[in-house]
Amino acid sequence: TSLVSYKKSKVSSSLIPLPGIKSKTSNSSSPEWTFNRTLTNLIRKNILRFLDAERDISILKSTFKPGDVIHYIFDRQSTTNISDNLYHLLPTASPMKNRHYKQCAIVGNSGILLNSSCGREIDSHDFVIRCNLAPVEEYAADVGLRTSLVTMNPSVVQRAFQDLNSEEWVQRFVRRLQSLSGSVLWIPAFMAKGGEERVEWAIRLILLHTVNVRTAFPSLRLLHAVRGYWLTNHVQIKRPTTGLLMYTMATRFCDEIHLYGFWPFAHDPDGKPVKYHYYDTLTYHYTSSASPHTMPLEFRTLSALHRRGALRLHTGPCK
Ligand code: CTP
């Protein structure tokens, strides 16, 4: 279905009435939340008009061969190749084929998770999605330990593992990968240029140490499809964040979706400072026009869906 014909459909314009919504962030964890199955099914159906996460979660071996040229999604003039190693790690079938879960947790990386005691609750979900190889062990009480799927932007190798510039960092990285045994490792390798080497290093280490992860490389159409869905619903996002990508895809294979660690604000509802990430000292200008993301807008959108029972946004401490 084209964007234009979708725009014309009645369902789409009434799906998420966003303009003018105020985010009632302080009571997002209020106990009176009830799951809205009808709306959830409708959202899944509408998203399916743009993308099918079962298919778009990864390109497959059958559609590529080593040496194939790929244009980066955000840098169309630049290209990369499907290396022999990358080809080796392409799945033969979708890692999410025929998967369906009752309750999924998507864990964002905001410092709002610190002192939340949400670890046990997060781990109790049937499927746990995490972002950008965020550390868990040292923060288990607040963020949990289980990981069913974790994303890894190529920049993570640089940001969190010092570009593997010493044997010690290589070992740390390998240990982190080995701790993911059995989970899906989702690597957006073809989004933006500049990460080619880092992706290749990661892949080589996975092969060298026979790390037991199921690698997935998002389809070339995913980003635009996700953006298209939200634009059609009047959410003017520049470039969807990993968190929003995960929510949009998770609607395909999860009923109840619970979000933790989504808080793109420098202060909590009581005015106390909140770290951008729960695990490092990175700072972020949430409203900077130079940022590729529009996180506060994404958050307001997710808050609106929370209020309507389509997802549950947990922003306070867990019981
Ligand atoms: N997030 C959030 N509030 C924060 C930090 C993160 O809501 N203070 C959410 C965002 O949806 C983000 C996700 O958690 O995509 C994972 O966080 P992170 O790894 O920091 O993502 P980024 O690298 O900042 O952004 P990207 O989406 O480009 O990966």
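The values are calculated or read from the model by the stated rules, or taken from the named source; none is laboratory data. Just so it is clear, the structure is predicted and the values come from calculations on it, not from any experiment. We place every Cβ from the backbone using ideal geometry, glycine too, and count neighbours over all the protein chains shown. Heavy atoms of the whole protein, side chains included, go into the accessibility calculation; ligands, DNA and RNA do not. Shrake-Rupley method; radii C 1.70, N 1.55, O 1.52, S 1.80 Å.
The table for this structure:
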quantity	calculated
Selection within segment 72-93 - touching a residue at least 60 places away in the same chain (Cβ under 8 Å) and closer than 20 Å to HIS224 by Cα	TYR72, ILE73, PHE74, ASP75, SER78, THR80
Where a residue in segment 123-137 is closer than 14 Å to GLY108 by Cβ and its partner, wherever it lies, is open to solvent by less than 10 Å² (accessible area, probe 1.4 Å) and away from the ligand (no atom under 11 Å from the Cβ), with Cβ under 6 Å and at least six apart	VAL128/ALA105; ILE129/LEU149; VAL136/VAL143
Unmet requirement for HIS285, which otherwise passes all of (1) part of a loop (DSSP other than H, G, I, E, B); (2) within 13 Å of the ligand (Cβ to nearest atom); (3) touching a residue at least 60 places away in the same chain (Cβ under 8 Å)	(3)
Test: residue in segment 280-292 that is crowded, with 22+ Cβ neighbours inside 10 Å and among the aromatic types (Phe, Trp, Tyr)	no
Residues that are open to solvent by less than 20 Å² (accessible area, probe 1.4 Å) and more than 26 Å from GLY261 (Cβ to Cβ), drawn from segment 47-79	ILE59, ILE70, TYR72
Selected residue (criterion: nearest to the ligand (Cβ to nearest atom)) from residues of segment 235-268 that are under 16 Å from ARG99 (Cα atoms) and part of a strand (DSSP E or B)	ILE257
When residues of segment 234-272 are limited to those that are among the β-branched types (Val, Ile, Thr) and over 11 Å from the mean Cα position of the chain (by Cα), the one farthest from TYR284 (Cα to Cα)	THR251
Any hit, segment 63-77, residues being small (Gly, Ala, Ser) and at negative phi	no
Helices (runs of 4 or more DSSP H) lying entirely in segment 112-190 (those with 1 or more residues that are under 17 Å from TYR260 (Cβ atoms) and within 16 Å of the ligand (Cβ to nearest atom))	119-123, 140-143
Qualifying positions in segment 266-282 - more than 12 Å from ILE112 (Cα to Cα) and touching a residue at least 60 places away in the same chain (Cβ under 8 Å)	ASP280, LEU282
Matching residues, segment 220-234, being open to solvent by less than 10 Å² (accessible area, probe 1.4 Å) and assigned to a loop (DSSP other than H, G, I, E, B)	ASN233
Subset of segment 269-281 that is of a type outside the set (Asp, Glu) and farther than 30 Å from MET96 by Cβ - its residue that is farthest from the ligand (Cβ to nearest atom)	GLY271
All positions within segment 132-155 that are hydrophobic (A, V, I, L, M, F, W, C) and open to solvent by 10 Å² or more (accessible area, probe 1.4 Å)	VAL136, ALA140, ALA141, LEU145
Matching entry among GLN178, GLN162, GLN77 (being at pLDDT below 95 and either over 21 Å from VAL213 (Cα atoms) or over 17 Å from the mean Cα position of the chain (by Cα) (or both))	GLN77
